[in-house]
Amino acid sequence: MRSTSSKSSDVLTEILDWSSSQPTWQRDALRRLITVGSLNESDLDDLTILCKATHGLVKRHKSIPLEGHHLPKRGPGEFAVKLNSLIHHGGVNALATEQSIQFGPALTLVYGANATGKSGYTRILKRACRARGAEEILGNVLAMSAPGRPSATIRFEVSNAEQEFEWHDQEKTHDALGHVSVFDTQCAAVYIREKTDVAFRPFGLDLFDKLSDACEAVRRALEKERRELLSCEVNLPDLPEGTTAHELVSSITSLTKQEEVEKLSTLSDAEKEELRDTHRQFYDLQAEDSTKAARALTLRSNRLDTLSSNLMKLDAILTNNAVKSLFEARDSMVKALRMADDLQTKTFPPSLLNGTGSSMWRELWEAARRFSTDDAYPNGQFPVTSDGARCVLCQQDLRHDTEERLKWFEEFIRSTIQQELSLAKESYQKQLGNLENLVIADQATQDILEELRIEKELLTESIEDGLEQLKSRREEVLRALRLGQPLPEALSNYELHAEKVGKEAQMLRHRADQLLRSNHQEIKKKLKVQLLELEARETLGKNRDVVLSEIERQKKLAAYGLCMKETNTHSITRKSTELTKRTVTQQLVKSFKNELDKLQFTHLEVELQPVGGSRGTLFHKLILKRASSVNLPSVVSEGEARTLSIAAFFAEMSTASDKSAIMFDDPVSSLDHEWREKVAHRLAEEANVRQVIVFTHDIVFLIALAKYAEDVSAPCQHQYLRRDALGTGVSSPELPWVAMKVKDRIGALKNMWQSAEKLYRTSGREEYDYKAFYIYSRLREAWERGIEEILLGGVVERYRQSIQTQRAKHLTDITEEDCKTLESGMTKCSRWTGHDQAPAENVSVPNPDELSQDIEALEDWVNTISKRRK
């Protein structure tokens with residue numbers, strides 16, 4: 001059979017492999033449990049945060065999952081717990097204060113009759129050791145004053161290292177004390193009547209319970225936060241049913257995309273304009289005289305057409321291409337003028353007046369041409385040089401040389417260069433005139449703009465801004481032309497929105513057309529749908545943050561749901577059940593059968609079977625093998641039930657990863673003498689494996705336990721509880737007289753003699769005589785016990801059914817002297833006990849010296865026979 005340590009190692013390795021499929025925070029929890037042993041509030045807070053971080057509820061936190069190097073390497077019994085002592089300080093039942101019980105390393109027998117305080121001590125230990133049947137602790141209800149708070153000091157060892165714990169009722173106990181197991185009446189009932197979890201398992205299986213507890217704690221924390229989030233309901237906008245916005249808002253889930261809300265709640269400029277137009281169209285249809293309203297809309301559309309046309313004309317004059325053309329015309333004119341000047345210089349001799357041929361001169365020449373052709377010589381070709389003709393400038397007759405000069409001048413003017421100059425000048429002057437004479441916004445335009453402003457304020461403002469920018473642009477162009485500068489690189493930009501005005505005019509005509517139709521209701525219905533859709537989207541836009549916050553809330557709720565799903569313990573229970581069946585149940589079933597064999601319980605076929613699990617715990621129950629559906633308590637007797645419970649308790653101990661102490665509180669209650677013997681033998685056996693503490697009021701069971709402990713060489717320590725003036729629970733290390741062996745009785749008699757001798761010296765004969773009579777009574781009982789225990793060698797004993805025939809061989813060495821000494825001792829004791837003395841006899845009780853010799857006579861008799869039989 002593999003050791004507990006080997007099983008623990010296998011279990012931990014398998015848990016490590018299994019944990020790789022568990023959530024990260026659970027793997028972190030397992031690491032903490034294995035390395036530290038338990039989880040505190042801070043650990044649970046960390047695990048809750050790690051669980052939330054996995055699903056985006058908080059920022060990512062670093063976790064340290066369980067890995068191979070975290071697994072401990074333990075030996076069997078490393079954490080065995082033994083109890084050393086229990087000191088009662090006060091507040092428990094009627095127990096005397098500052099009384100203590102000492103526990104031995106193997107078997108400790110604590111005997112007390114009824115109402116001597118035994119239950120008080122067991123209640124302390126049950127509470128401190130977290131027993132299944134832990135009882136409520138009351139103070140001394142009969143005391144005149146209010147009882148104090150129950151408290152005690154428990155000294156114990158963990159792996160041979162002594163520790164001390166100050167216990168106070170209703171406060172957290174020491175974790176190590178939880179390793180101590182308790183069997184009592186309530187525990188017995190749990191084993192026999194209910195399904196029970198295995199309280200002790202190979203180290204590692206307890207991790208499932210602790211992990212399940214951690215899951216439950218994390219689930220509670222998550223549930224609290226989730227409830228708080230659920231209570232924070234968002235007031236979503238009330239949107240018209242049937243609209244796209246309403247459908248989106250009314251069906252928000254964690255899967256609703258933020259982009260969908262952003263897109264639906266954002267109206268483009270065109271959609272905003274459509275919303276306003278739809279409003280106007282819907283308003284138009286409310287008119288009483290639709291024909292008149294249609295006519296008004298048509299007139300407005302015509303005026304907007306005019307405005308659009310004017311804006312396009314303005315735009316045509318100052319477009320980039322138009323301005324560029326103007327500057328190109330200027331540059332062409334300047335170039336032509338320069339070429340004409342060059343021709344003049346080459347054509348006219350220096351003898352002519354300065355400036356002849358210049359542009360001013362050419363203007364003068366052209367003026368003379370007009371005067372000649374229009375007035376002076378309308379039928380002649382300029383210059384007129386025929387006979388009798390006169391100069392149109394100086395009004396004098398022409399000479400021959402003058403005629404030639406005039407013809408020469410005309411030829412100059414009619415040259416190609418001069419013609420190009422004239423054309424360039426004419427083109428530039430025309431374009432420049434258009435720009436200089438441009439009216440940006442006359443009164444009619446302003447009136448139309450004011451009318452447009454009523455329904456299209458933003459458009460109107462944009463047009464007015466464009467017109468102002470157009471004025472600036474014109475001034476910049478004219479300034480550059482006047483200064484002879486090149487085309488400015490960064491002219492003022494403008495936009496006159498002529499196309500938009502045209503569309504607005506078209507919309508007005510459409511509205512007018514709708515007014516003239518007969519199906520107003522159908523149009524209104526259609527417009528209403530459009531209007532509600534756009535208005536709902538507009539409202540959604542105003543409440544966008546609220547809707548987005550609700551989406552975020554739904555995402556968090558969904559994330560909390562995923563987190564809480566991870567706290568489900570089904571997978572933990574499944575793995576625990578699987579491992580427990582393999583490593584515990586088989587061991588448990590086998591051990592239970594072995595325990596029944598040890599207790600010789602063979603007349604009923606009872607077995608321990610697994611009956612399902614919950615939250616990481618596998619339950620077991622005692623059932624009748626051949627009648628599993630029959631309720632076991634209804635079949636077995638009370639004594640049989642107690643024996644089965646003890647067997648189940650010891651079977652459970654076989655699964656523990658250590659050999660910590662076990663405590664029994666009246667374990668043989670309801671058992672007859674036969675089962676008492678069997679249970680006593682089993683407890684004595686166990687005392688060689690672990691510390692066993694037995695509280696009992698059954699003197700026969702006590703004697704049997706002491707005897708079997710001696711048989712199996714288990715060290716046995718006694719504690720005797722009694723009641724006195726101090727209260728109950730007053731303890732001493734001796735057994736009660738009736739349970740003492742002869743040698744122990746001799747020791748007790750010697751102690752009594754010391755007390756009597758002191759009375760003899762200090763208090764007088766009367767008090768001494770009373771004490772001496774009592775001692776001789778006890779001495780006689782010691783001689784009687786010596787007969788069965790020493791002289792007969794334990795072949796027969798009172799209260800014991802069996803006769804130890806194998807010891808009969810010692811009876812052959814009994815001598816006549818043995819019998820004479822026995823008879824002499826018994827006779828002398830009988831003289832002072834059990835009989836009324838005659839008054840005339842008046843014999844005094846032996847003095848202390850003689851009494852001491854009588855006690856020594858018993859001791860010598862015992863030693864002589866015992867030495868002979870070794």
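The values are calculated or read from the model by the stated rules, or taken from the named source; none is laboratory data. Everything numeric here is computed off the predicted structure, so don't read it as measured data. Here the Cβ positions follow ideal geometry from the backbone for every residue, glycine too, while neighbour counts run over all protein chains shown. Heavy atoms of the whole protein, side chains included, go into the accessibility calculation; ligands, DNA and RNA do not. Shrake-Rupley method; radii C 1.70, N 1.55, O 1.52, S 1.80 Å.
Rolling a 1.4 Å probe over the protein heavy atoms of the stretch 664-756, with every protein chain left in place, gives an accessible area that is 51 percent carbon and sulfur. The relative contact order of the stretch 766-832, computed from alpha carbon pairs under 8 Å that lie at least 6 residues apart in sequence, is 38 percent.
Sort the stretch 225-343 into rounded, prolate or oblate with this rule: let a ≥ b ≥ c be the square roots of the eigenvalues of the Cα gyration tensor; rounded if a/c is under 1.5, and if a/c is not under 1.5, prolate when a/b is larger than b/c, oblate otherwise. Judged from the Cα gyration tensor, the stretch 225-343 comes out oblate (a/c at least 1.5, b/c at or above a/b). Across the stretch 331-342, rounded Karplus estimates of 3J(HN,Hα) from the backbone phi angles (6.51 cos²θ - 1.76 cosθ + 1.60, θ = phi - 60°) give 5, 5, 5, 5, 5, 5, 5, 5, 5, 5, 5, 4 Hz, Gly and Pro being marked x. Considering all C-alpha pairs of the stretch 729-870, those separated by over 27 Å amount to 28%. Only one item in [x] 1.43; [y] 1.50; [z] 0.97 matches Rg/Rh (Cα atoms, Kirkwood Rh) derived from the coordinates shown, and that item is [y].
Whole-percent P(r), the stretch 752-834, all Cα pairs, 10 Å bins from 0: 16, 34, 27, 16, 6, 0. Descending by average beta-carbon neighbour count within 10 Å, the peptides 320-326, 174-180 line up as 174-180, 320-326, the highest first.
Where only protein heavy atoms count, and the probe is 1.4 Å, what is the accessible area per residue for the chain in Å²?
That works out to 53 Å² per residue.
With Cα atoms as the point set, the radius of gyration and Dmax of the stretch 497-631 evaluate to 38.9, 114 Å. Assuming a ≥ b ≥ c are the square roots of the Cα gyration tensor eigenvalues, decide whether the stretch 721-795 counts as rounded (a/c under 1.5), prolate (otherwise, with a/b larger than b/c) or oblate. Since a/c reaches 1.5 but b/c is at least a/b, the shape of the stretch 721-795 is classed as oblate.
Estimated from helices alone, the mean residue ellipticity of the chain at 222 nm is -18500 deg cm²/dmol (sum of -39500 (n - 2.57) over DSSP H runs with n ≥ 4, per residue).
Between the listed residues Ser670, Thr815, Trp832, the Cα displaced farthest toward the positive end of the dipole of the chain, a dipole computed from Cβ unit charges relative to the Cα centre, is found at Thr815. Relative to one another, the C-alpha centroids of the stretch 201-271 and the stretch 9-48 are positioned 28 Å apart.
Dividing the mean sequence gap of close Cα pairs (under 8 Å, 6+ apart) by how many residues the chain holds gives a relative contact order of 21 percent. Sequentially through the stretch 859-870, phi angles give Karplus couplings (6.51, -1.76, 1.60; θ = phi - 60°) of 4, 5, 4, 5, 5, 5, 5, 4, 5, 5, 9, 6 Hz, Gly and Pro residues having no value and appearing as x.
For Thr97, the accessible area of its heavy atoms, probed at 1.4 Å with every protein chain present, is near 80 square angstrom. Considering every alpha-carbon pair of the stretch 585-726, the percent of pairs per 10 Å bin, from zero through the bin containing the longest distance, is 10, 37, 33, 15, 4, 0. Between Thr97 and Thr185, the FRET efficiency from the beta-carbon distance, with R0 = 25 Å, is close to 0.35. Among the listed pairs Lys292/Lys528; Lys741/Lys828; Lys118/Lys590; Lys118/Lys870; Lys581/Lys659; Lys59/Lys542, those whose Cα-Cα separation exceeds 28 Å are Lys118/Lys590; Lys118/Lys870; Lys59/Lys542. On a per residue basis, the convex hull of the C-alpha atoms belonging to the stretch 654-759 measures out at 138 Å³.
Normalised by the number of residues in the stretch 449-516, the average gap of Cα pairs under 8 Å and 6 or more apart makes the relative contact order 31 percent. For the stretch 11-44, the residues whose backbone nitrogen is under 20 Å from a point 7 Å from the Cα of Gln586, taken along Cα to Cβ, are 11-18. Ranked by the mean number of other Cβ atoms within 10 Å per residue, highest first, peptides 808-817, 369-378, 824-833 order as 824-833, 369-378, 808-817. Between Asn631 and Ser359, the distance separating the two model label sites (each 7 Å from Cα on the Cα→Cβ line) works out to 12.9 nm. About its Cα centre, the dipole of the chain is roughly 2060 debye, where the only charges are +1 on Lys and Arg Cβ and -1 on Asp and Glu Cβ.
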